[in-house]
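Shown next, in structure tokens, is the structure this report addresses.
The values are calculated or read from the model by the stated rules, or taken from the named source; none is laboratory data. Model, not experiment: these values are computed from the prediction. Virtual Cβ from ideal backbone geometry, glycine too; neighbours counted across all protein chains shown. Surface accessibility is based on the protein's heavy atoms, side chains included, excluding ligands, DNA and RNA. Shrake-Rupley method; radii C 1.70, N 1.55, O 1.52, S 1.80 Å.
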Amino acid sequence: MKKILVTGISGQIGRFLSQKLLEKKKSFIGLDVVDSNNVEFSFIKTDLGRKTELEKFKHELNEIDTLIHLATKVNSSDNIVEDGIDSVDMNLHNIFNLIEMLPCLKQICFTSSYMVYGKPIANPVNENHSTEPMNTYGVSKLITEKFLQVFTKKKNVELTILRFMGIYGLENPYVKQAIPSFIEKIENNKNPIVFGTGSSRRNHIY
């Protein structure tokens, strides 16, 4: 039976995914730096940036053959000096630490971001669109994609990359995002506010 590791399981996508995996009776372990209130699955609380902490869970990680890597820190700031190191640490350094602890790995699903594209030059934006990220978060995601492509090819591991855009939901922690903000204002009998000219277009994902 496949054993799945889901990092970032306490986040919005992680919480929804864990329920789906439970419904389908899949065997999985959740991992996050934030506590999980769900007692229906095995959970590891640790910081992926601390390799010595990861080593404490070597026995559990030895059984993993599928990695769904959701853990990330969304940072779209243009301040390279202050935010660049954090983005690289979270999106590249941490996955270095993790995959070294997964000797039986056969599949990786990596959640990247639409920010790897930068400013779109074509519509619709598809997988063949040029990648010209405009912030350190997008750069760090793209670097991690490239690293995983090399790693998985050499190790004969299956790789899936998902470049999400504008995710929202009922448990969205980012209340300042457009869709949750619109919903919140409407529920309070207020008009939603559209900044700018109103001509911006995005494909939000529920």
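With the convex hull built on the Cα atoms of region 96-206, state its orientation-averaged projected area in nm². Mind dumping the intermediate values first?
Working: hull surface 37.0 nm².
Seen from a random direction, the Cα hull of region 96-206 projects 9.3 nm² on average.
Along the charge dipole of the chain, Cβ charges K/R +1 and D/E -1, which of LEU159, ASN38, THR197 sits furthest on the positive end?
Value: LEU159.
Using only helices, what value at 222 nm comes out for the chain when you add -39,500 (n - 2.57) per DSSP H run of length 4 or more and divide by the total residues, to the nearest 500 deg cm²/dmol? Spell out each step's value before the answer.
Numbers: 7 runs with 66 residues, N = 206.
That comes out to -9000 deg cm²/dmol.
For the chain, modelled as a Gaussian network with Cα springs under 10 Å, which listed residue fluctuates most, VAL150, VAL116, VAL39?
For the chain, modelled as a Gaussian network with Cα springs under 10 Å, the answer is VAL39.
Dipole of the chain, Cα-centred, from +1 at each Lys and Arg C-beta and -1 at each Asp and Glu C-beta, to the nearest 20 debye? Intermediate results must be reported in sequence, preceding the final value.
Numbers: 26 positive and 23 negative charges, 119 e Å.
That gives a dipole near 580 debye.
Restricting to lysines 8 or more places apart or on different chains, can you count the pairs in region 103-206 with Cα atoms under 28 Å from each other?
Number of lysine pairs found: 16.
Please give me, ordered by residue number, the trypsin sites (Lys or Arg not before Pro) of region 129-206 that lie in loop per DSSP and have at most 10 other Cβ atoms within 10 Å.
On the way: sites: LYS141, LYS146, LYS153, LYS154, LYS155, ARG163, LYS176, LYS185, LYS190, ARG201, ARG202; in loops: LYS176, LYS190, ARG201, ARG202.
Passing both the DSSP loop test and the Cβ count: LYS176, LYS190, ARG201, ARG202.
Take the Cα coordinates of the chain, assign each an equal point scatterer, and use the Debye formula without solvent to give log10 I(q)/I(0) at q = 0.08, 0.09, 0.11, 0.12 Å⁻¹.
Normalising to I(0) and taking log10 leaves -0.31, -0.39, -0.58, -0.69.
So, for the chain, what is the accessible surface per residue at a probe of 1.4 Å, expressed in square angstrom?
Solvent-accessible surface per residue comes out at 64 Å².
Over the chain, what relative contact order in percent results from Cα pairs under 8 Å that are six or more residues apart? If you can, show how the numbers build up before the last one.
Details: 312 pairs, mean separation 36.1, N = 206.
Over the chain, the number comes to 18 percent.
In degrees, nearest 10, range 0 to 90: what is the angle between the Cα axis of helix 178-187 and the longest Cα principal axis of the chain?
Between the helix axis and the principal axis of the chain, the angle is about 70 degrees.
Report the residue, chosen from LEU92, LEU105, LEU162, that carries the largest GNM mean-square fluctuation when the chain is represented by alpha-carbon nodes joined by springs under 10 Å.
LEU162
On the protein heavy atoms, probe 1.4 angstrom, tell me the percent of accessible surface of the chain carried by carbon and sulfur. Intermediate results must be reported in sequence, preceding the final value.
On the way: 6980 of 13120 Å².
Looking at the chain in its full context, I get 53 percent from C and S.
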